[in-house]
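What follows is calculated from the coordinates using simple rules that are stated; it is not laboratory data. Keep in mind the model is a prediction, meaning the values are calculated, not measured. Counting neighbours? That spans all protein chains shown, and the Cβs are built from the backbone with ideal geometry, glycine included.
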Amino acid sequence: MPTLPHHKHRRAEFLASIDTPVLLFAGSWIARNYPANWSPFRADSTFLFFFPSPEANAAALFDPKDKSVTLFLDERTPTDALWHGPVPSFADIKKFIGVTSVERRADLAKLVKKKLGKRKAHTLAIPDPRATAEACAITGETLDFYDSAKVANPELIQAIANLRLLRHPEELASMRAAAAVTQQGHVLAMARTRAGILEQELVGFVEGAFAKRGCVPAYNTICSVRGEVLHNHAHHNMLLDTDLVLLDAGAENAAGYCGDVTRTWPVSGKFAPEAREVYEIVLAAEKAAIAAVRPGVRYRDLHMLAARVLTEGLVAMGLLKGSPDALVESGAHTLFFPHGVGHLIGLDVHDMEAFGDQVHYEKGRTRSSQFGTQYLRLDIDLKAGMCFTIEPGIYFVPAILHDAKFRKQWKKEVDWALAESFLAMNSLRGFGGVRIEDDIHCTESGAEVLTASIPKEVAAVEALVGSACG
Ligand code: GLY
Ligand code: MN
C-alpha cells in the first residue's frame, strides 16, 4: 500500500478550511445482478482525493475541533480473508495512512454520535445511494447525488472544490501517466483500423491497451462512424473505406486520474477532400483555443474563440453565409457545433460535475439560454494548475439540420442544400462528425497539452491509420 504524504497534507488543508465536522464515505460495491456479483469498486472521487487506495465501505470523520481524522473500516474476519485474501490490520493502516485512529465500520454511527455530542456534521452525497442514505441518517441532511442542487451544503462543496481545482505536482504526474496510457489506446486503434471490421473491434484494442497497463476506461468509450451522435455508445457498425471514425476514449489509472481524448480519422488512411477541409477547420479551432490558454483568461472566451474559427471555416466552405461575427452572435454556428468546448478533468472525467455550476461558473455568471452554448460546462477564469479539455467539433446532425424551427430562424445564413448534401454523403450514411480533443494543464506561461503525443496533424494521422494491418 502506498504511503502518500500528499494525502495527509490534503486532509490537513481540508481540516483547516472547515468549521463543522464532515463525514465522508467511499461507497461500496454495486451489484450488477445478484448481490454478490459486483461491478468493480471505485471509491467516490473526493474520498479518493483524501485517502490512497480506499477500501470499499470505508468512511471518515474529519473533526476540525481537535484536527482529528477517524477512519472507519470493515472488520477483518477469517471469512473475508477466505474469499478476498488477507488485508492489512487496523494498526498497519493507521501507520501507513497517518490518520488519528482507525475504528470498526460497524461502530460508525455510535462513535460519530459520541464524538459530535450536540454538534452538527455535514456529509457529501456520493454515487452509492446506500452510503448516501446512511450518511444522511447520521447528519440529518437530505442529499441527493443525482441532483447537483442537493449534493451537499454549498460551503462544504466550496471547501472541497478549492482543494480539488488546482492540481498539485503529484496529481499532474498522475494525469500525465493517464495521458500516456490514453495515447497507447488511441495509437493502437488508429494503427489497427481497416475497412471490414466492426467499431467494437477498435473498442477492444483501445480498452485492451488500457487494461494491459492497469487502467480502466474513464467513461464509456465512444467509437463510431456516426461521429455526429455526440455520446454514441453503440459499436455495431462495420467500417467502410469511405467512413470517418471518431474515437473519444480515456484511461483512468489506479489513482483515479483520467484522460479524455478525441481523435477522428479516415478508415481508408486518406482524408477525402471535404473531410480534410472540415478536419483542418476543427484542428485550427482547437489549436487557437489552446494557444489562448493562460491564467486570467475566461474559459467562455476559449469557447467563443473556437466558435469563431469554426464559423470562419464554415463560411469559407459556403455552409454558412455572412460575417463570422454576426453569425456567432446569432448562434448560427451551433447548428454545426452544438456543444461546449470542454470541461474540467481530474479524478472525474468531467471533474466535480456533480457539484454543479457553483463550481463551474464564476459567481454572477449563468448558463446561456442559446441552443448549443447552453451546454458549455465551464465558465470560470483560468488559474495556473487547472486541468480541462479543449474539444471543438463540426457535426452534420440530421435532427438539427432538419429542424423546421432552425431552418426558419437561419433561413438566409445557411446553405441548406449544401448542408443536406453532407447528410447524403457516404452512400447515405452521412458525413458524421469531426471532434478533436486534448487534455490541458494551464501553466503560468500557457497550455501544457498533456495528450500532445497523440497524433492529430493530417499527415501524422494518415501515416498511422492502418499501419499495423499488414
Ligand atoms: N468524453 C466525453 C465528454 O467529454 O463528454
Ligand atoms: Mn471531454
Cβ contacts < 9 Å: first residue closer than 16 Å to GLY466 by Cβ, restricted to the stretch 188-210; second residue of a type in the set (Lys, Arg) and buried (at least 24 other Cβ atoms within 10 Å of the Cβ), any location; separation 6+ or different chain. Result? ALA189/ARG263; MET190/ARG263
Quick one: in the stretch 325-354, of everything that is within 14 Å of ligand 2 (Cβ to nearest atom) and acidic (Asp, Glu), which residue is farthest from HIS168 (Cα to Cα)? GLU353
Conditions: (1) of a type outside the set (Lys, Arg); (2) surrounded by fewer than 16 Cβ atoms within 10 Å (Cβ to Cβ); (3) not in a helix (DSSP H, G or I). GLN374 meets all but one. Number of the miss? (3)
Considering only the stretch 209-227, state which residues are closer than 13 Å to CYS258 by Cβ, away from ligand 1 (no atom under 12 Å from the Cβ) and part of a strand (DSSP E or B). VAL216
Those residues of the stretch 209-238 that are of a type in the set (Val, Ile, Thr) and within 14 Å of ligand 2 (Cβ to nearest atom) come to a total of 2
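Being of a type outside the set (A, V, I, L, M, F, W, C) and not in a helix (DSSP H, G or I) is the filter; apply it to the stretch 390-404 and report the residue that is surrounded by the most Cβ atoms within 10 Å (Cβ to Cβ). If you could, list the steps in order and put the result at the bottom.
Taking the stretch 390-404 as the starting set, the residues that turn out to be of a type outside the set (A, V, I, L, M, F, W, C) are 391-393, 395, 398, 402-403.
With not in a helix (DSSP H, G or I) added as a condition, the list becomes 391-393, 395, 402-403.
Details: GLU391: 24, PRO392: 30, GLY393: 27, TYR395: 26, HIS402: 13, ASP403: 14.
Taking the candidates together, the pick is PRO392.
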Which members of the stretch 405-426 meet the condition of being over 18 Å from VAL278 (Cβ atoms) and either in contact (Cβ under 8 Å) with a residue 12 or more places away in the chain or in a strand (DSSP E or B) (or both)? PHE406, TRP410, LYS412, GLU413
Filter the stretch 230-246 down to residues that are outside any loop (DSSP other than H, G, I, E, B) and in contact with a Ser or Thr (Cβ under 7 Å, 6 or more places away or on another chain) and give me whichever is surrounded by the most Cβ atoms within 10 Å (Cβ to Cβ). LEU246
Of the criteria (1) at negative phi; (2) surrounded by 20 or more Cβ atoms within 10 Å (Cβ to Cβ), which one ALA316 fails: (2)
Give me the residue from the stretch 432-461 that is of a type in the set (Asp, Glu) and in a strand (DSSP E or B) and, out of that set, farthest from the chain's Cα centre (by Cα). GLU448
Taking the stretch 265-300 and keeping only residues that are of a type in the set (D, E, K, R) and within 18 Å of PHE396 (Cα to Cα), one is left with GLU274, ARG276, GLU277, GLU280
I want to confirm something. Restricting to the stretch 380-402 and keeping residues that are away from ligand 2 (no atom under 16 Å from the Cβ) and either basic (Lys, Arg) or touching a His at 6+ places or on another chain (Cβ under 7 Å) (or both), which single residue is farthest from VAL278 (Cα to Cα)? LYS383
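Conditions (1) in a helix (DSSP H, G or I); (2) closer than 30 Å to PRO295 by Cβ; (3) aromatic (Phe, Trp, Tyr), marked per residue:
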site	(1), (2), (3)
ILE138	yes, no, no
LEU143	no, no, no
ALA159	yes, yes, no
ASN162	yes, yes, no
ALA173	yes, yes, no
ALA179	yes, yes, no
Just name the residue that is nearest to ligand 1 (Cβ to nearest atom) out of those in the stretch 247-282 that are of a type in the set (Ser, Thr, Tyr) and not in a helix (DSSP H, G or I). THR262
For the stretch 355-377, give me each residue that is away from ligand 2 (no atom under 16 Å from the Cβ) and closer than 20 Å to CYS258 by Cα. PHE355, GLY356, VAL359
